[in-house]
Amino acid sequence: MTHDAAEALVWAALDAEQRGLNSGTAGNFSLRHGAGLLITPTGIPPAEMRPDQIVSMALDGSWQGTWRPSSEWAIHARILAARPDVGAVVHAHPDHSVALSCLRQAIPAFHYMVAGFGGTEIPCSPYACFGSGELADTVVTTLGSRYHACLMANHGMVSVGPDMATAIARAAKLEMLARQYLLALRAGNPALLNADEMAEVAGRYREYGRQPG
Ligand SMILES: [Zn+2]
């Protein structure tokens, strides 16, 4: 494994913690690496994590070395196997995303920025036990070929990107939208953007070539 890529993963874990996206050992992070992936180890909090503890694995889950990969390695490996456009995966338990995941519903088009996640809603994957192959499969199915993130029922969230900076930025954006949607739900019955309005937003995003604000 390259030391630079391993260092980038340790940095990602610290960065996510500083942004309030994960705490303790709940979050895990991976980067595509050759035919396999590099992934954060299980049970080591970001502040104590060192680059030599990053685990190099094959997409089939085989690995070697002293340190065990995250218990959610299958989510990372199966997303990377299914999505050639993805180079980095973030899985975490930020508070507002977790709270909304317990409703087991997609985040609807309550705000135009929902369109930046690949569709007109941000989906929620069905419940399955943590660390299970079934959970990994439900997440892969929910993301499909186009979504950049999803909630995971009664658990947390996953985001993906071509690189780690993008995947973390999407995780932060999802957590912000989850917080704002919860606030709106508390205040009343949020009006939703319709299909035409969301199509217009998607067109603007394509026009800008990136997501504005
Ligand atoms: Zn988890």
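Some points to look at:
- For the chain, the longest principal axis of the Cα atoms and the long axis of helix 73-82 meet at an angle of about 70 degrees.
- Structural descriptor for the chain: relative contact order 20 percent, calculated from alpha carbon pairs under 8 angstrom and at least 6 residues apart.
- Rg ratio (alpha-carbon, reference 2.2 N^0.38 Å) - the stretch 2-50: 1.08
- Annotation: Cα Rg of the chain relative to the compact-globule expectation 2.2 N^0.38 Å equals 0.99.
- Heavy-atom accessible surface of the chain, averaged per residue, reaches 47 Å², computed with a 1.4 Å probe.
- For the stretch 154-208, the alpha-carbon radius of gyration amounts to 1.40 times the rule-of-thumb value 2.2 N^0.38 Å expected for a compact globular protein.
- Tilt relative to the chain, helix 133-143 - C-alpha long axis, 0 to 90 degrees, to 10: 40 degrees
- Each eigenvalue of the Cα gyration tensor of the stretch 5-106, multiplied by 5 and square-rooted, gives one semi-axis; in descending order these are 22, 17, 11 Å.
- Of all accessible heavy-atom area on the stretch 143-195, the percent that carbon and sulfur account for (1.4 Å): 56 percent
- The stretch 100-195, Rg to Rh (Cα coordinates; Rh as Kirkwood inverse mean 1/r): 0.96
- Helix-derived mean residue ellipticity, 222 nm - over the chain, DSSP H n ≥ 4, -39500 (n - 2.57), to 500: -12500 deg cm²/dmol
The values are calculated or read from the model by the stated rules, or taken from the named source; none is laboratory data. A quick note: this is a predicted structure, and the numbers were derived from the prediction, not measured. Keep in mind that these areas ignore ligands, DNA and RNA; they rest on the heavy atoms of the full protein, side chains included. Shrake-Rupley method; radii C 1.70, N 1.55, O 1.52, S 1.80 Å.
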